[in-house]
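Trainee: Take this structure first; my questions come after.
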Amino acid sequence: MPIRYRCRHCKVEMGSLPFDAEKTIHKLHLFEIGEMDDFVEKNEQGETIVHSICEHCEQSLRQFPDYYALKKWLQ
């Protein structure tokens, strides 16, 4: 199953790795204990989804840093 990268704010898919490389995720990303659960999930189809941030949302957060305090700032 592929590994998909999706924005955690707007849910747009930013890309994917077309092979099953779940062990590689641990090497590509250095997570603290417990962080992995916040950023990596498995969906019903068995795909691994890495929640990151897209360029658009990153620019919005830089322009409006108060958005960090909101759990959901996009409708």
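Trainee: If each residue of separation counts as 0.36 nm, what is the full-extension length gain between Tyr68 and Asp37 once their alpha-carbon separation is subtracted? Intermediate results must be reported in sequence, preceding the final value.
Mentor: Numbers: separation 31, 0.36 × 31 = 11.16 nm, distance 1.93 nm.
Gain in length upon complete extension: 9.2 nm.
Trainee: Pulled fully out, how much extra length does the chain show between Glu44 and Lys11, if you take 0.36 nm times their separation in residues and subtract their Cα-Cα distance? If you can, show how the numbers build up before the last one.
Mentor: Numbers: separation 33, 0.36 × 33 = 11.88 nm, distance 1.67 nm.
That works out to 10.2 nm of additional length.
Bear in mind these aren't lab numbers, they're just calculated from the coordinates by the rules spelled out. Small disclaimer: the values here were computed from a predicted structure and weren't measured.
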